[in-house]
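See below for the structure under consideration.
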2 protein chains.
Amino acid sequence: MSSAQAPATSRRARTSALKRYVLDEQVGFLLRKAYQRHAAIFAASMIEDLTPTQFAAMAKLWEVGPCSQNRLGRLTAMDAATIKGIVDRLTRRGFTEARSERNDARLVMVQLTKLGRETIERAIPRGVKITRDTLALLPRDGRATFLDLLKKLS
Amino acid sequence: MSSAQAPATSRRARTSALKRYVLDEQVGFLLRKAYQRHAAIFAASMIEDLTPTQFAAMAKLWEVGPCSQNRLGRLTAMDAATIKGIVDRLTRRGFTEARSERNDARLVMVQLTKLGRETIERAIPRGVKITRDTLALLPRDGRATFLDLLKKLS
DNA sequence: CGCTAATCGTTGGTGTACTAACGATCTCGC
DNA sequence: GCGAGATCGTTAGTACACCAACGATTAGCG
């Protein structure tokens, strides 16, 4: 589609633009690496082998109460296919349960079980520590700034 | 955030710590969302349906020249199993080629083909634009700060 | 009321990402 | 040289993450 993209710039300019491209300075690459490091910290500190997304789903359910599967996905930034996998695995482990809604047969309502509530309440303090550990590499006075900018970006 | 990180674990302190936990303010969650948004921008702007990681592998090969598969993985922050998948797909599409090294039979040397070189040189200007678009939501004077902090974090 | 459009959930396919286990190969110390 | 340990690549298994296509259901509008 862009095969017809003629160089609007001279070969010299293009070359120097290319030369300046350093992968290790691109936002996308840095975001991926930062998330990788966070995920490693998460895996090392979290209980019950909860993954970041499983934890997110449970924390959100704990925050808002019973909720349709699709809505839970929106609240945790996962599409319908992804949240289904998460909920399936959580339900298989007894942390959540799902039932269909009487008033709207399309909906699958999801909620925490007793075990799920107890687990997420034990897990959240770990979440606090994980956040702290992830930010530990930043200068103390840069953390709020960083979070603020990161929130704007997402 | 809170210097009042209750050291004691009284029920009251625990409860209020729980109450204060809002998923949408945690670094990990924000990093995931920021990367998602970046990935969407990437998919919309990149040529040849290159994924961020495929692009990273090719850009790095273009930067450093022929390189062992494992080392390429280290340079692009992917483990051995992941980089293998990337290289396999790139090779299947004719962008890279792999051969074993005479002096060290363990190594698989990977390099760009002519098509691969031409493609990555067309792709890099898109990469520049993608970085710019990703950062567009930040105030102009916050971008350098953000990149600096993000680099520290990864 | 009836039809169209929207929403919800499921499935299949592809592409990251990491772990664990494994065999082949090389290096280094003795 | 030779054997222990390191390095490299492969495979299998699990878990995100997104798209596209689909059927079921509901809402909205004429």
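We did not get these values from a lab; they are worked out from the coordinates using the rules stated. Here the structure is a predicted model, which means the values were calculated and not measured. Every residue, glycine as well, gets a Cβ built from its backbone with ideal geometry; the counts of neighbours run over all protein chains shown.
A few comments on the model shown:
- Cβ-vector label at 7 Å, B:Asp104, separations to other copies in nm: 5.9
- What the phi angles of region B:67-75 give under the Karplus curve with 6.51, -1.76 and 1.60, with θ = phi - 60°, is a coupling list of 6, 5, 4, 4, 5, 4, x, 4, 5 Hz, glycine and proline written as x.
- The count of lysine pairs in chain A whose Cα atoms are under 27 Å apart, excluding pairs fewer than 8 places apart on the same chain, comes to 16.
- Distant-in-sequence amide H partners of A:Thr96 (H built 1.01 Å from N, under 5 Å): A:Thr91, A:Thr113
- Charge tally around A:Gly142: other residues with Cβ under 9 Å, Lys/Arg +1 each, Asp/Glu -1 each, net +1.
- Chain A: Rg to Rh, with Rh as the Kirkwood radius over Cα pairs: 1.14
- Cβ-Cβ FRET estimate between B:Ala98 and A:Ala81, R0 fixed at 25 Å, reported to 0.05: 0.15
- Taking A:Val27, A:Val108, A:Val128 in turn, the Gaussian network model of chain A (Cα-Cα springs below 10 Å) assigns the largest fluctuation to A:Val27.
- Across every pair of non-identical alpha carbons in region A:71-118, the mean reciprocal distance, once inverted, gives a Kirkwood radius of 11.2 Å.
- Under-5 Å amide H pairs with B:Val108, H placed in peptide plane, nonlocal only: B:Gln69, B:Asn70
- Rg of the Cα atoms in the protein assembly as shown, relative to 2.2 N^0.38 Å, amounts to 1.16.
- A simple rule links phi to the HN-Hα coupling: the Karplus curve 6.51 cos²θ - 1.76 cosθ + 1.60 with θ = phi - 60°, which for region B:94-101 gives x, 8, 9, 9, 10, 9, 8, 8 Hz, with x for Gly and Pro.
- Label spacing, shortest first and in nm, from A:Glu48 to its equivalents in the remaining copies (7 angstrom along Cα→Cβ): 4.6
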